[in-house]
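Laboratory data are not the source of any read-out in this text; all were calculated from the coordinates shown. The structure displayed is predicted, hence computed values, not measured ones. Glycine also receives a Cβ, built like all others from the backbone with ideal geometry; neighbour counts cover every protein chain displayed.
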């Protein structure tokens, strides 16, 4: 799914706005995040060393907002009929992946964000950290280290393995 979405963004936005802006925006989108941004960067032939900081910054921008505001936003949304079910679904989905973070906290969060699998990443890691009440002074560096780990893995995949195919 990530590859299909990345391909869609590369094809449909790559000719309309700059490649750098496309990968920055893709990196900010939940589900795609940094891994999608790096795939799009390789598809748009953006140099890896140019793409890395753009993707990291794009993926990192939402993190403090999620950590600071998501529980308050969810609290307000939960009081409405329209959004109550959505909040429950998002919380349950995030918390179903929280076991390692609860057990290992800092390193669990690093690995959760850093291993690029469906349902992991900075967005979900930030959401879980906020819902579990992980201190921001622990959560922010753990998420950052996880982003670095994901960057290394995705550069190998996007520019190495997949780069040879595309």
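A compact table of results
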quantity: Between 0 and 90°, nearest 10: helix 19-28 axis offset from the chain longest Cα axis; calculated: 20 degrees
quantity: Hydrodynamic radius by Kirkwood, which averages 1/r over all alpha carbon pairs of segment 62-149, in angstrom; calculated: 12.9 Å
quantity: For segment 12-83, diffusion coefficient by Stokes-Einstein and Kirkwood Rh (Cα), 20 °C, 1.002 mPa s, µm²/s; calculated: 161 µm²/s
quantity: Nitroxide proxy distance, nm - points 7 Å out along Cα→Cβ at residue 25 and residue 148; calculated: 3.1 nm
quantity: Cα-projected label distance for residue 104 with residue 16, points at 7 Å along beta-carbon direction, nm; calculated: 4.1 nm
quantity: Degrees, to the nearest 10: 2-13 long Cα axis against longest axis of the chain; calculated: 60 degrees
quantity: Highest-MSF residue in the chain out of 58, 93, 121 [GNM, Cα springs under 10 Å]; calculated: 93
quantity: Distance between modelled label sites at residue 75 and residue 115, nm, 7 Å Cα→Cβ extension; calculated: 3.3 nm
quantity: Segment 29-44 and segment 87-166: distance between their alpha carbon centers, rounded to Å; calculated: 15 Å
quantity: Packing-based order for 7-16, 40-49, using average beta carbon neighbours within 10 Å, highest first; calculated: 40-49, 7-16
quantity: C-alpha long axis of helix 33-43 to longest principal axis of the chain, angle in °; calculated: 10 degrees
quantity: Column: log10 I(q)/I(0), Debye, Cα scatterers of the chain, q = 0.09, 0.10, 0.13, 0.19 Å⁻¹; calculated: -0.30, -0.37, -0.61, -1.12
